[in-house]
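Chemist: To start, I am sharing the structure in question, which I have written as structure tokens.
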């Protein structure tokens with residue numbers, strides 16, 4: 001069942017890339033949209049079959065592959081993976097809906113996006129460390145090509161920077177995985193084989209550090225973030241939706257699954273530092289966003305800040321904070337997709353992303369009133385206004401983290417306030433004020449421009465009003481994860497044992 | 001009267017060094033501030049026609065309010081014009097005209113009657129429903145223009161009409177009319193006794209209702225006739241259109257401006273015709289100054305902060321009129337210019353609808369496109385007023401005396417000085433791309 005989520009898009013990518021040149025762009029796009037729509041429906045069906053009371057892996061699949069290497073085809077989904085899969089399927093569909101109807105070289109473009117969808121699904125489902133790494137790295141090349149071929153300003157520079165950073169991330173993660181298996185002398189790279197092995201705490205810290213830095217580049221966390229603004233700005237709208245909505249989640253998923261999941265002892269000791277790191281990321285991202293003049297770059301920096309909430313929740317290690325962190329992954333993916341889609345529409349229609357140029361977009365006749373209205377909603381969701389998905393996620397993180405890390409949480413709350421500051425700046429400059437007569441000859445906003453944003457907005461609103469649909473999938477898994485953690489107080493009081501169980 | 005004499009003027013005077021030298025040379029050649037292009041001509045004539053139909057309602061209702069609704073304390077139905085006023089013959093149209101400007105009918109325009117019956121919803125609902133749904137001719141714009149004339153009237157120093165409103169004779173006339181209107185109504189008469197100045201000020205406003213109604217009674221047939229002449233190919237250029245307006249202005253200049261009140265069969269002359277107030281000086285010129293140039297910072301078009309000095313302290317410095325207005329936010333807040341644009345939208349000639357559909361967002365922003373065309377057409381009307389004033393006060397354009405031509409030029413330059421302000425749209429209308 002799970003394999004379909006990987007191989008359907010991959011097969012689709014193969015078919016699309018082999019289509020004859022006589023196929024029109026619209027036909028190729030429609031085919032890709034239908035295919036990803038089918039994958040999304042399949043994911044929804046999986047959700048209906050998912051047992052939310054079971055914290056273990058479900059829908060497991062196993063196929064021996066290269067057993068001498070310890071690499072086997074092992075798939076499974078728990079409460080963490082299932083929501084990430086849903087996010088991936090949904091945002092891939094949205095990204096394709098938001099793609100331009102006049103993209104050049106459509107066969108290559110859409111096949112790369114489908115390949116990414118399959119690769120990301122594979123990474124979320126993989127229960128073998130090498131298999132995870134395989135899928136994790138698989139998506140880099142399509143992303144590199146999508147940025148360098150269909151990107152805008154400084155696309156080659158941005159694509160190369162992205163490749164260097166994320167390849168470094170991959171090397172660190174591979175080193176961590178190899179170290180883990182070799183040092184523990186585990187039978188193979190299966191996740192389950194590694195669990196339960198013993199390792200000295202010092203080595204745990206080293207391996208955990210490798211993974212945190214590796215995944216921290218992908219998220220990214222400050223100071224490994226410098227690839228993000230250039231890459232996000234250079235990438236086209238559908239690609240940036242996947243970068244921010246899905247690829248960044250691979251990083252946070254990796255932190256949860258392999259950092260928190262495999263090194264609970266070391267994680268518990270490192271958590272105060274991780275929480276402080278999260279607070280720094282949040283404040284840095286927000287303050288950098290305030291300083292931006294380019295709205296796409298502003299949203300990109302806001303993403304850095306918002307990913308910090310996930311790390312804060314993971315560091316706090318309370319059931320509420322962990323649920324909040326996973327909810328934030330979903331909420332951030334949806335909100336970021338909405339914001340990037342709208343920024344893309346504004347750029348296409350107005351021809352600028354500069355705050356000093358944009359103005360009065362709410363003008364009902366000559367402006368982009370529907371786009372501006374949805375942008376206001378997206379900004380409100382990102383700023384954590386109650387009634388929207390962003391509020392639920394952030395509130396759960398704060399509520400769950402405050403008892404453990406009060407100062408870091410308070411700093412994160414200040415970060416939320418700063419989020420409101422830069423979004424007020426953005427909205428005030430772009431949506432309100434007087435429309436400039438000299439530039440206000442924008443093309444009409446079509447339904448194809450509005451539809452992806454409307455779907456995202458409805459979902460953000462729904463999850464804000466009915467948050468149970470956001471948290472119900474992961475609650476059991478995250479609670480079980482917390483139950484496996486050592487008592488933080490004991491760890492602090494007593495010297496850590498020389499060897500502990502992973 | 002305003003024949004084209006570019007060669008003689010340019011030969012006798014050095015080129016103007018004014019910021020708008022090209023436009024001044026065009027005026028000296030008998031042209032308008034608006035460039036002479038077929039596209040401009042089509043826009044302005046089409047808009048004159050679209051403007052004239054609601055204007056045919058405006059003038060009738062303004063006179064209805066001034067002469068019948070008068071000081072009704074609850075004037076809920078002041079826009080529900082009586083059949084008598086719809087049938088009231090225009091003095092410049094139809095067989096019964098004093099001076100037949102338009103060859104069409106004297107009573108209300110057929111397109112107006114059809115719209116009043118069905119509205120844009122094309123349904124024969126009770127009139128009140130159409131009214132509440134704003135599916136009607138919006139008198140708010142006409143009243144805003146009237147208030148501009150009243151408000152700026154004291155300050156403009158033009159004519160004698162406004163000064164007459166402060167005279168003892170006017171007070172007595174108004175007093176007689178008020179007492180007659182409220183005869184048998186002790187409550188209102190008691191209030192009048194307590195607050196006579198308040199009632200008097202309301203009557204002054206009603207006199208401006210009448211003033212503007214009488215002004216537009218002339219302009220509606222002028223615009224209808226221009227539209228017909230354009231359709232017949234007899235107006236073929238922007239100067240042709242402007243000259244028709246100039247000739248019309250002079251032909252009708254002497255039309256009396258008055259204010260009568262009818263109570264039953266009795267007529268009360270509040271501003272008698274015998275005072276000799278003339279259409280040109282007491283209505284047309286004040287209207288142009290108050291509405292085209294000044295008006296007021298309309299609520300909703302843009303936020304003005306008076307405390308921050310964004311609204312001038314002196315009324316004479318106001319420049320919010322159609323020649324300066326930013327047409328882009330039209331449609332924002334149900335403000336009077338928006339409502340006028342909405343009114344005109346219903347009566348656009350087919351060629352203009354087709355033209356708008358080909359530009360910008362077509363149907364979606366037609367309100368803005370027609371508002372910009374309206375701005376162009378009012379620049380043409382203002383050009384006609386400037387040329388008419390030059391004719392009345394100065395010298396012909398083909399005058400052989402260079403000193404006279406220099407005086408003409410100084411006059412044109414002084415007129416165009418008013419458009420040096422950054423918010424003036426004279427620069428924009430020189431380009432066809434301003435839509």
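The values are calculated or read from the model by the stated rules, or taken from the named source; none is laboratory data. Source: prediction; values computed, not measured. For neighbour counting, all protein chains shown are included, and Cβ atoms are generated from backbone atoms with ideal geometry for every residue, glycine included.
Chemist: Taking the condition closer than 20 Å to residue A:300 by Cβ and without any contact (Cβ under 8 Å) to a residue 12 or more places away in the chain, does residue A:437 pass?
Modeler: The answer is no for residue A:437.
Chemist: Could you check region A:182-205 and list, in sequence order, the residues that are surrounded by fewer than 16 Cβ atoms within 10 Å (Cβ to Cβ) and in contact (Cβ under 8 Å) with a residue 60 or more places away in the chain?
Modeler: A:187, A:192, A:195, A:196, A:198, A:200
Chemist: Can I ask one more? Kindly indicate which of A:313, A:333, A:360 is within 14 Å of another protein chain (Cβ to nearest Cβ) and in contact with a helix residue (DSSP H, G or I) (Cβ under 9 Å, 6 or more places away or on another chain). Please lay out each step first, then the result.
Modeler: On the way: A:313 fails: within 14 Å of another protein chain (Cβ to nearest Cβ); A:333 fails: within 14 Å of another protein chain (Cβ to nearest Cβ).
One residue alone meets the criteria, A:360.
Chemist: Now for a different question. Could you tell me which of the residues B:290, B:308 is at pLDDT 90 or above and away from chain A (no Cβ under 14 Å)? First the steps, then the outcome.
Modeler: Working: B:308 fails: at pLDDT 90 or above.
Among B:290, B:308, only B:290 is at pLDDT 90 or above and away from chain A (no Cβ under 14 Å).
Chemist: While we're on this one: For residue A:463, work out the one condition from (1) within 14 Å of another protein chain (Cβ to nearest Cβ); (2) buried (at least 16 other Cβ atoms within 10 Å of the Cβ) it doesn't fulfil.
Modeler: The number of the failed condition is (1).
Chemist: Another question, then. Determine whether region A:421-431 contains at least one residue that is within 14 Å of chain B (Cβ to nearest Cβ) and in a helix (DSSP H, G or I). Walk me through how you get there before you give the answer.
Modeler: Let us first name the residues in region A:421-431 that are within 14 Å of chain B (Cβ to nearest Cβ), namely A:428, A:431.
From what's left, in a helix (DSSP H, G or I): A:428.
Yes, region A:421-431 contains at least one residue that is within 14 Å of chain B (Cβ to nearest Cβ) and in a helix (DSSP H, G or I).
Chemist: Sticking with this structure for a sec: Against the conditions (1) closer than 25 Å to residue A:194 by Cβ; (2) part of a helix (DSSP H, G or I), where does residue A:54 fall short? Just the number, please.
Modeler: Residue A:54 satisfies every listed condition except (2).
Chemist: Further question on the same structure: Output yes when any residue across region A:92-107 is in a helix (DSSP H, G or I) and within 30 Å of residue A:319 (Cβ to Cβ), and no when none is. Before the answer, list the steps.
Modeler: At the first step, the residues of region A:92-107 found to be in a helix (DSSP H, G or I) are A:92-97, A:106-107.
Narrowing further to those that are within 30 Å of residue A:319 (Cβ to Cβ): none.
Checked against the condition, which is being in a helix (DSSP H, G or I) and within 30 Å of residue A:319 (Cβ to Cβ), region A:92-107 yields no hits at all.
Chemist: Consider residue A:446 against the criteria (1) in contact with a helix residue (DSSP H, G or I) (Cβ under 9 Å, 6 or more places away or on another chain); (2) modelled with pLDDT under 95; (3) surrounded by fewer than 23 Cβ atoms within 10 Å (Cβ to Cβ): it satisfies all of them except one. Which criterion is unmet?
Modeler: Just one mismatch for residue A:446, condition (1).
Chemist: How many residues does region A:222-250 contain that are assigned to a helix (DSSP H, G or I) and more than 17 Å from residue A:328 (Cβ to Cβ)? Give the steps one after another, and end with the answer.
Modeler: Just the residues of region A:222-250 that are assigned to a helix (DSSP H, G or I), to begin with: A:227-234, A:237-250.
Cutting the leftovers down to more than 17 Å from residue A:328 (Cβ to Cβ) gives us A:227-234, A:237-243.
The qualifying residues number 15.
Chemist: A further question on this structure: Could you figure out which of (1) surrounded by fewer than 17 Cβ atoms within 10 Å (Cβ to Cβ); (2) out of contact with any helix residue (DSSP H, G or I) (no Cβ under 7 Å at 6 or more places or on another chain) isn't true of residue B:402?
Modeler: Answer for residue B:402: the failing condition is (2).
Chemist: Let me ask another. Checking residue A:29 against (1) in a loop (DSSP other than H, G, I, E, B); (2) in contact with a helix residue (DSSP H, G or I) (Cβ under 7 Å, 6 or more places away or on another chain); (3) more than 30 Å from residue A:480 (Cα to Cα), which test does it fail?
Modeler: Checking residue A:29 against (1) in a loop (DSSP other than H, G, I, E, B); (2) in contact with a helix residue (DSSP H, G or I) (Cβ under 7 Å, 6 or more places away or on another chain); (3) more than 30 Å from residue A:480 (Cα to Cα), the one that fails is (1).
Chemist: Tell me yes or no: at least one residue of region A:387-397 is crowded, with 24+ Cβ neighbours inside 10 Å, in a loop (DSSP other than H, G, I, E, B) and on the phi < 0 side of the Ramachandran plot.
Modeler: First pass over region A:387-397, keeping only residues crowded, with 24+ Cβ neighbours inside 10 Å: A:388-390, A:392-394, A:396-397.
Filter again for in a loop (DSSP other than H, G, I, E, B), leaving A:388.
Subsequent filtering for residues that are on the phi < 0 side of the Ramachandran plot retains A:388.
Yes.
Chemist: Before we move on, is residue A:40 at pLDDT 95 or above, outside any loop (DSSP other than H, G, I, E, B) and out of contact with any strand residue (DSSP E or B) (no Cβ under 7 Å at 6 or more places or on another chain)?
Modeler: Values: at pLDDT 95 or above: yes; outside any loop (DSSP other than H, G, I, E, B): yes; out of contact with any strand residue (DSSP E or B) (no Cβ under 7 Å at 6 or more places or on another chain): yes.
For residue A:40, the condition - at pLDDT 95 or above, outside any loop (DSSP other than H, G, I, E, B) and out of contact with any strand residue (DSSP E or B) (no Cβ under 7 Å at 6 or more places or on another chain) - is met.
Chemist: Which one is farthest from residue B:132 (Cα to Cα), of the residues in region B:331-381 that are without any contact (Cβ under 8 Å) to a residue 40 or more places away in the chain and more than 14 Å from every other protein chain (Cβ to nearest Cβ)?
Modeler: If we take residues in region B:331-381 being without any contact (Cβ under 8 Å) to a residue 40 or more places away in the chain and more than 14 Å from every other protein chain (Cβ to nearest Cβ), then B:354 is farthest from residue B:132 (Cα to Cα).
Chemist: Within region A:432-456, work out how many residues are assigned to a helix (DSSP H, G or I) and either within 11 Å of chain B (Cβ to nearest Cβ) or more than 16 Å from residue A:373 (Cβ to Cβ) (or both).
Modeler: Taking region A:432-456 and keeping what is assigned to a helix (DSSP H, G or I), we get A:447-456.
Still in the list and also either within 11 Å of chain B (Cβ to nearest Cβ) or more than 16 Å from residue A:373 (Cβ to Cβ) (or both): A:448.
Selection size over region A:432-456: 1.
Chemist: Quick one: which residue in B:423, B:433 is within 14 Å of chain A (Cβ to nearest Cβ), part of a loop (DSSP other than H, G, I, E, B) and without any contact (Cβ under 8 Å) to a residue 12 or more places away in the chain? Break it down stepwise before answering.
Modeler: Numbers: B:423 fails: without any contact (Cβ under 8 Å) to a residue 12 or more places away in the chain.
After ruling out the rest, the residue left standing is B:433.
Chemist: How many residues does region B:407-420 hold that are surrounded by 15 or more Cβ atoms within 10 Å (Cβ to Cβ) and either touching a strand residue (DSSP E or B) at 6+ places or on another chain (Cβ under 7 Å) or assigned to a helix (DSSP H, G or I) (or both)?
Modeler: Narrowing region B:407-420 to residues surrounded by 15 or more Cβ atoms within 10 Å (Cβ to Cβ): B:407-409, B:411-413, B:415-416, B:419.
Among the residues that remain, those that are also either touching a strand residue (DSSP E or B) at 6+ places or on another chain (Cβ under 7 Å) or assigned to a helix (DSSP H, G or I) (or both) are: B:407-409, B:411-413, B:415-416.
Count: 8.
Chemist: Would you check if there is a residue in region A:161-181 being over 23 Å from the mean Cα position of the chain (by Cα), closer than 24 Å to residue A:311 by Cβ and buried (at least 19 other Cβ atoms within 10 Å of the Cβ)?
Modeler: yes
Chemist: Residues that are assigned to a helix (DSSP H, G or I), in contact with a strand residue (DSSP E or B) (Cβ under 9 Å, 6 or more places away or on another chain) and under 30 Å from residue A:200 (Cβ atoms): does region A:152-170 have at least one? Spell out how you get there, then give the answer.
Modeler: Residues of region A:152-170 assigned to a helix (DSSP H, G or I): A:155-170.
Now narrow it down to the ones that are in contact with a strand residue (DSSP E or B) (Cβ under 9 Å, 6 or more places away or on another chain): none.
No - not one qualifying residue is present in region A:152-170.
Chemist: Only one of (1) touching a residue at least 12 places away in the same chain (Cβ under 8 Å); (2) touching a helix residue (DSSP H, G or I) at 6+ places or on another chain (Cβ under 6 Å); (3) surrounded by fewer than 18 Cβ atoms within 10 Å (Cβ to Cβ) is not met by residue A:156, so which one is it?
Modeler: Unmet for residue A:156, out of (1) touching a residue at least 12 places away in the same chain (Cβ under 8 Å); (2) touching a helix residue (DSSP H, G or I) at 6+ places or on another chain (Cβ under 6 Å); (3) surrounded by fewer than 18 Cβ atoms within 10 Å (Cβ to Cβ): (1).
Chemist: Now for a separate question. If you go through region B:223-260, how many residues are in contact with a strand residue (DSSP E or B) (Cβ under 9 Å, 6 or more places away or on another chain), part of a helix (DSSP H, G or I) and surrounded by fewer than 19 Cβ atoms within 10 Å (Cβ to Cβ)?
Modeler: Looking only at that region, the number is 1.
Chemist: So which residues in region A:57-80 are closer than 25 Å to residue A:329 by Cα and part of a strand (DSSP E or B)? Spell out how you get there, then give the answer.
Modeler: Kept after step one, since they are closer than 25 Å to residue A:329 by Cα, are these residues of region A:57-80: A:57-60, A:74-80.
If the condition is that a residue be closer than 25 Å to residue A:329 by Cα and part of a strand (DSSP E or B), then A:58, A:59, A:60, A:74, A:75, A:76, A:77 are the ones that fit.
Chemist: Right, here's the next one. Do you know which residues across region A:193-221 are part of a helix (DSSP H, G or I) and closer than 16 Å to residue A:308 by Cβ? Show your work before the answer.
Modeler: Within region A:193-221, the first condition is being part of a helix (DSSP H, G or I), and the residues that meet it are A:193-194, A:201-218.
Answer for region A:193-221, where residues must be part of a helix (DSSP H, G or I) and closer than 16 Å to residue A:308 by Cβ: A:212, A:213, A:215, A:216, A:217, A:218.
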